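Worksheet for the structure shown next.
Readers should treat all values here as calculations from the given coordinates under stated rules, not as data from a laboratory. Since the model is a prediction, treat every value here as computed from it, not as a measurement. No Cβ is skipped: glycine too gets one built from the backbone with ideal geometry, and neighbour counts run over all protein chains shown.
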Amino acid sequence: MKLTRKWQLLPVMMDFCLRRKFNINMKIKKAIVFLILLSVSLISYRAFCEELPEVGKVVWVDDGDTFVLEDGEKVRLLGINCPEKPHKDKPGECFGYEATRFAIKLLKRKKVRLEYDRIKRDRYHRLLAYVFLPSGEMANAIIVRKGFGYVLTVPPNKKYRARLLRAQRLALDENLGMWKHCKPEKEEYYYIGNLRSYIFHRPSCKFGKMTSSKNVITFSTRKQAFYQGFAPCRRCKP
Ligand SMILES: [Zn+2]
């Protein structure tokens, strides 16, 4: 008789334990959802409500396209890319030194005005900006116009693409700066451009081959790709 009663109690006990576990699980789940919502709202608050500097004094120039403002903010010039200068064990790229020297002359100790596009910071938390000098000229455009950098469009930041491309075409026509001094080791018979990313590749590059056929554009020369505002792939370095 005693034994039977124990067996009868078993399902009740199991049910009690399961419910308890279920309740704990629900509490954990609720806490996780709350934390996710909290961090999402904090991130979006930072992204949308953050007040970004509109002017600032340049106190340090890192390289052709990066500098530091008096308040410590690091700024990356938007819509362009400059060749890398040698850094620690990295050898740097052709015209990297020259681009840095040019940017120092152009920007150091200047009070600049910053204009933003749709994405305001990159993954290194640097400000992404079009930078205007006291004369009203845009530093990004001057650097490209003189051949110390090239157009690099990262969608959706495309506000001044046309203006920067006009400057680049003039530099290419006049064979200035890096266009005169830097030639690739090997020219290809053609290049593959991606109409979505504005990047171009060597024909053998696996990243070029991954381009969906509706986004492919081909160029017969590097110069043609640059003329259309496409930037070289970082992997295959065309
Ligand atoms: Zn590539």
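Can you compute the FRET efficiency between residue 97 and residue 57 using 1/(1 + (r/R0)^6), with r the Cβ-Cβ distance and R0 = 30 Å? Round to the nearest 0.05. Before the final figure, lay out the partial values.
Working: r = 25 Å, r/R0 = 0.82.
Between residue 97 and residue 57 the formula returns 0.75.
The orientation-averaged projection of the convex hull spanning the C-alpha atoms of segment 185-232 amounts to 3.0 square nanometres. Farthest toward the positive end of the dipole of the chain, out of 37, 25, 124, is the Cα of 25, where the dipole comes from beta carbon charges about the Cα centre. A simple rule links phi to the HN-Hα coupling: the Karplus curve 6.51 cos²θ - 1.76 cosθ + 1.60 with θ = phi - 60°, which for segment 108-120 gives 4, 6, 8, 8, 10, 10, 10, 10, 10, 10, 6, 9, 9 Hz, with x for Gly and Pro.
Distance between the pseudo-spin-label points of residue 87 and residue 234 (7 Å out from Cα toward the beta carbon): 1.0 nm. Relative to the longest principal axis of the Cα atoms of the chain, the long axis of helix 2-49 lies at roughly 20 degrees. In a DSSP loop and with at most 10 other Cβ atoms within 10 Å, the GluC sites (Glu not before Pro) in segment 125-213 are 185.
The chain has equivalent-ellipsoid semi-axes of 53, 26, 16 Å, by the square roots of 5 times the alpha carbon gyration tensor eigenvalues, sorted largest first.
Using a Gaussian network model of the chain in which every pair of alpha carbons under 10 angstrom is joined by a spring, one finds that among 139, 99, 31 the greatest mean-square fluctuation is at 31.
Dipole orientation for the chain: of the candidates 204, 231, 97, 204 has the Cα lying most toward the positive pole (charges on Cβ; Lys, Arg +1; Asp, Glu -1).
Compute, for segment 55-179, the length of the dipole vector about the Cα centre, with Cβ point charges of +1 (Lys, Arg) and -1 (Asp, Glu) only. Units Debye, rounded to 20. The partial results should precede the final answer.
Numbers: 26 positive and 16 negative charges, 77 e Å.
Charge dipole of segment 55-179: 380 debye, to the nearest 20.
In a DSSP loop and with at most 14 other Cβ atoms within 10 Å, the trypsin sites (Lys or Arg not before Pro) in segment 116-147 are 118, 123.
Fully extended, how many nm does the chain gain between residue 170 and residue 218 (0.36 nm per residue separation, minus their Cα-Cα distance)?
15.1 nm is the gain from fully extending residue 170 to residue 218.
Counting only Cβ charges, +1 for Lys and Arg and -1 for Asp and Glu, the dipole size of segment 87-152 around its Cα centre is about 320 debye. For segment 55-179, the equivalent ellipsoid derived from the alpha-carbon gyration tensor has semi-axes of 20, 18, 15 Å in decreasing order.
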